Structures are given as C-alpha cells and as structure tokens.
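The values are calculated or read from the model by the stated rules, or taken from the named source; none is laboratory data. All values derive from a computational prediction rather than experimental measurement. Note that each Cβ is placed from the backbone with ideal geometry, even for glycine, and that neighbours are counted across all protein chains shown. Note: accessible area is taken over every heavy atom of the protein model, side chains too, but ligands, DNA and RNA are not part of it. Shrake-Rupley method; radii C 1.70, N 1.55, O 1.52, S 1.80 Å.
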Amino acid sequence: MKILVTGFDPFGGEAINPALETIKSLPRTIAGAEIMIVEVPTVFDKAARVLEEKMTEYQPDAVLCIGQAGGRVDLTPERVAINQDDARIPDNEGQQPIDKTIRSDGPAAYFSTLPIKAMVEAIRSAGIPASVSNTAGTFVCNHLMYQALYLAEKSFPNTKAGFLHIPYLPEQVLDKPGVPSMSLEVIVKGIEAAISAIVAYADKEDIKTVGGATH
C-alpha cells in the first residue's frame, strides 16, 4: 500500500508550519505501507496542481493531507470539504478569493473517504487527544481537501483521500497566551496511529461510533 502525505509551508506570518515539520518527521514505512511525502504551497489552486502531479507520479492508494489549525487542542480528521473558497486572510501569493466555487463541475461538498472514526480511535489509543471535525474551514486546507477528493473521483478512482488538522507547536504560542499547542513528537505519534488505521481499514468500512457534535 502507498500513502501520500502532504504538508503546507508556513503561512499567516508564522515562521514554521507544524504540518510540514510533521511530514518531514514521519518514517517512510508505517504499518507496512510505503509513505511518500510532499510539501505543498499555501496557495489556492497551486496546492492542488502540486498534489495532482504527485498523485499522477505515485498513484497512491490513499492521500492524507495535513494542515495547521491554530487554536485546536487535538488531532482532528475532517469529515467534509465544501466547494467554496472564502479566505479570511490572503494566501502566500496574496490571493484572497471570496465566495468562489472551487470546481464548477463538482458537487457542493465531498465527504472524506478515509476511515475518520477509526483514525480518531487509533490516535486516542496511542494516548493522544483526537476528535472528528465537521468543518475544514474555507481557506487553503478546505480547498486542498476538496481538490484531493475531486481528483480521486475524476481521475484516481482507487484512491481514498482526506484531511487531518493539527494544533500549533509550542514555539508558535509563546506570544499567544492561552492558546493550546502540542509537541511535534506527540503529533507525529498521532499521525502514525492515524495512518495505521488507514492501512487497517483499507478494505473495510469505518467503525460506527459517536463522532458528532452539537455545534
């Protein structure tokens, strides 16, 4: 099994991005699966072009995109990506699309095809906080998740795809009192657990367990 894992470069004035640091720290084999990593730019459309190039090159069985979600306290596999860009801040090339459709021929939303609840359970079993997230935002993270699922549907029908958000690293919150963070070592351990679940559930349905939220 081949799994392509992506991580964004720093954005929004940050000097580092925990997603990029995480993928660089991953072993190249997890649970028997070959792990391929790729840095993607925090840039609308360009991130998707890089992903498509690497999906074409590697023909992965699964794609796991990872992104920073400053303020979150745990690892959060995303359930859904919406067909809408609505950028609160500019991307790394100054683009700030507002209420823009990502793919004119795509559905309003895509659900992750990764076993998100099994991933949460695996991360928690490793002693790390995790939960299902029902919003990937409307910035480049949601954009890339939507594009990954669109590409899988249109061009890579045997590839599963999804997204997982991670918290800030401790060094990012030195000037952000009260904002949660998580060490790189713990994040990497959690991502390894999540990938192990992707491998374990490659040929079966996700587990049925509570993962919803009231708001």
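Remarks
- C-alpha center-to-center spacing [segment 65-110, segment 14-57] in angstrom: 17
- Here each label is just a point 7 Å from Cα along the line to Cβ, and for Q95 and M1 those points are 3.2 nm apart.
- Solvent exposure, largest accessible area first (probe 1.4 Å, DNA, RNA and ligands not counted), of Y201, Y150: Y201, Y150
- Distance between modelled label sites at Q59 and A126, nm, 7 Å Cα→Cβ extension: 2.9
- Shape of segment 151-210, Cα gyration tensor, a/c cut at 1.5: prolate
- Global form of segment 10-129, assessed from the alpha-carbon gyration tensor, a/c cut-off 1.5: rounded
- Placing +1 on each Lys and Arg Cβ and -1 on each Asp and Glu Cβ, with no other charges, gives segment 81-189 a dipole about its Cα centre of roughly 360 debye.
- When you filter the GluC sites (Glu not before Pro) in segment 180-215 for DSSP loop state and at most 14 other Cβ atoms inside 10 Å of their Cβ, you are left with E205.
- Å³ per residue enclosed by the Cα convex hull of the chain: 119
- Dipole magnitude (debye, nearest 20) for the chain, charges at Cβ of Lys, Arg, Asp, Glu: 440
- Partners for K117 among lysines (Cα-Cα distance below 20 Å; same-chain residues under 8 apart left out): K160, K189, K204, K208
- Peptides 37-43, 49-55, 103-109 ordered by packing proxy, namely the average of other Cβ atoms within 10 Å per residue, highest first: 37-43, 49-55, 103-109.
- Amide hydrogen neighbours beyond the local backbone of I37, cut-off 5 Å, H modeled: V5
- Bridge type composition, the chain - antiparallel percent by DSSP, nearest 5: 25
- Rounded percent of accessible protein surface that carbon and sulfur make up, the chain, 1.4 Å probe: 50
- Averaged per residue, the chain has 44 square angstrom of accessible surface, using a 1.4 angstrom probe with ligands and nucleic acids left out.
- Trypsin sites (Lys or Arg not before Pro) restricted to segment 117-215 and DSSP loop, no more than 16 other C-beta within 10 Å: K204, K208
- Shape category assigned to segment 1-79 from the gyration tensor of Cα positions, a/c cut at 1.5: oblate
- Accessible area, probe 1.4 Å, largest first, for residues I128, I98: I98, I128
- Candidate membrane-span-like segments in the chain, meaning DSSP H helices with Cα atoms spread over at least 15 Å of their own axis and a Kyte-Doolittle mean of -1.0 or above, are 46-58, 140-154, 184-200, with no membrane implied.
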